[in-house]
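The values are calculated or read from the model by the stated rules, or taken from the named source; none is laboratory data. Note that the structure is a prediction, hence the values are computed from the model and not measured. Ideal geometry is used to build each Cβ from the backbone, glycine not excepted, and the neighbour counts take in all protein chains shown.
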Amino acid sequence: MPRLSDILLEWSVSSVEWLYLSFEVSVDRLMISGRMGGKMIQKLGLFSGWATLTLLSIFLFGITTLYFSFCSDCNFLLKKQDVVFNPYWRTAFYIHITGGMLAIITGPWQFLRAFRRKFMQVHRLLGKIYLAAILLVAGPSGQFMAFYSEGGILSTIGFLIMSVLWLWTTWMAYATIRKRDILAHRDWMTRSFALTLAAVTLRIYVPLASSVWHWHPEFVVESSAWLSWIPNLIVAEVLIRTKAIKI
């Protein structure tokens, strides 16, 4: 029987390939007609970035399913042997990854205009799942887990600030859509998902800092509580300010 992660990866690759081929046809037509401009190049860049982030998000979703074997010594849990058998921490951990998985797998599809137009009801359903996953599940449990972070007080403060901003930006995304303020909703969702992607950024930053840049292990641990999300928010703000988030 194929694993869930393999099924998700195959499905995501097929979806992205279909979208990319559709996009490629449009680009070819524009090039043939001699009207290839800066806006189309910008859209191509945004789409490529979206496709990359989507694949990374689905890959992260897939590898996170391994924790539901309820192992006590796999991946991240190897570094948490001091608390892995603490029932309160272990409960918060599974609550957190459940909410995080729902957020990371539903988030990317909210930003595709073609998807929203064709599947508006699905867009709304995924949006509700995304909001609930963060506001009711992953956000509050993340605040609890921040107090058990490696790296001491600096890491705890970093992850606490991130979780507060995650809850706030997600709540603002909900509040603005309730007011039918679509533009503001899009901006707050961009900020919220940028923070959701901290889970992806963290898993890119730590191996690079440790194995490629050879930074001191203690500094890597402490800085990851900040550098896993601050660059994401900066990029999100640039996209918002330049009104570039139109895929």
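Of all residues in region 87-128, those being surrounded by fewer than 16 Cβ atoms within 10 Å (Cβ to Cβ) and either in contact with an Asp or Glu (Cβ under 8 Å, 6 or more places away or on another chain) or under 21 Å from GLY62 (Cα atoms) (or both) number 2. The sole residue among LEU195, LEU233, LEU239 that is modelled with pLDDT of 90 or more, over 18 Å from ALA133 (Cβ atoms) and not polar (S, T, N, Q) is LEU233.
Restricted to helices (runs of 4 or more DSSP H) entirely inside region 154-244, those with at least 2 residues that are over 24 Å from ARG113 (Cα atoms) are 198-207, 217-227, 230-241. Here the helices (runs of 4 or more DSSP H) wholly within region 81-147 that include at least 2 residues being under 28 Å from PHE70 (Cβ atoms), touching a Phe, Trp or Tyr at 6+ places or on another chain (Cβ under 6 Å) and touching a residue at least 60 places away in the same chain (Cβ under 8 Å) are 87-106.
THR190 meets all of the listed conditions (1) more than 24 Å from ALA92 (Cβ to Cβ); (2) without any contact (Cβ under 8 Å) to a residue 40 or more places away in the chain; (3) crowded, with 17+ Cβ neighbours inside 10 Å but one, namely (2).
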